[in-house]
1. Could you please state, rounded to a whole Å, how far the C-alpha centre of region 17-73 is from the C-alpha centre of region 83-124?
2. Calculated from the structure, Cα extents along the principal axes in Å equals which of (i) 64, 43, 32; (ii) 47, 37, 26; (iii) 43, 39, 31?
3. What shape does region 20-88 have by the C-alpha gyration tensor, where a ≥ b ≥ c are the square roots of the eigenvalues, rounded means a/c under 1.5, and otherwise prolate means a/b greater than b/c and oblate the rest?
4. Pairing the Cα long axis of helix 13-24 with the longest principal axis of the chain, what angle in degrees results, from 0 to 90 and rounded to the nearest 10?
5. What accessible area per residue, rounded to a whole number of Å², is obtained for region 38-178 using a probe radius of 1.4 Å?
6. What length, rounded to one decimal in nm, is gained on full extension from Arg129 through to Asp148, with 0.36 nm per residue of separation minus their alpha-carbon distance?
7. Taking all protein chains in place and a 1.4 Å probe, what share, in percent, of the accessible surface of the chain do carbon and sulfur account for?
8. Relative to the longest principal axis of the chain, what angle (0 to 90°, nearest 10) does the C-alpha long axis of helix 61-72 take?
Amino acid sequence: MAVMEQNGEPLDHVARIQADWRRERPDVDVSPQGVFGRLHRLADRLTGELCLVYGRYGLGEGEFDVLCALRRAGEPYERAPGELAAHTMVTTGAMTKRIDRLERAGLVTRRRSADDQRGRIVALTGPGRELIDRAFTEHMHNERRLLDLLTPAEAATLEALLTGWLGRMEHPGAADAE
């Protein structure tokens, strides 16, 4: 298959798909596919790059998120499982599995809540804190490396655009209220 060009640049995967759709369905506006297709492809690539770091520490993405949520809590580095689920945007069932794996690895402990004997508290252990501090430092260096593929102006513009878009998605109608 010959690589088509647009403005002297080779077409990327998404542009080739759009060109096919424009040929096959000229009656449909496929321009949104340019944004969403690239976001999906970029998210897949970025997730792969981020997971390489987690894996070096014996963690999956979910375990990394739980350890980060506990570390961000500050001393004594503990939260209820429901809080952890809210801070990592997963179901309580998924959270239980993550906590089980982390507990088996000696990175967290579980105990009964002093306030509610039915409730549980998950706490970061000393080895868990040491591990997440090292992993998080490397994670931030990795994110910097990936973001440095953009110029500082591009990164700032992208962050502003994503912040605005996400805000409108998470709080529809909020801009109308102003």
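The values are calculated or read from the model by the stated rules, or taken from the named source; none is laboratory data. For clarity, every value in this text was computed on a predicted model and none was experimentally measured. The protein model used for the area step is the full one, side chains on, heavy atoms only, and it has no ligands, DNA or RNA in it. Shrake-Rupley method; radii C 1.70, N 1.55, O 1.52, S 1.80 Å.
1. 27 Å
2. Checked against the structure: label (i).
3. Prolate, since a/c reaches 1.5 and a/b exceeds b/c.
4. Approximately 50 degrees, to the nearest 10.
5. Accessible surface, normalised per residue, equals 67 Å².
6. Details: separation 19, 0.36 × 19 = 6.84 nm, distance 2.82 nm.
Between Arg129 and Asp148, full extension yields 4.0 nm more.
7. Details: 6890 of 12290 Å².
Reported share for carbon and sulfur atoms: 56 percent.
8. 60 degrees
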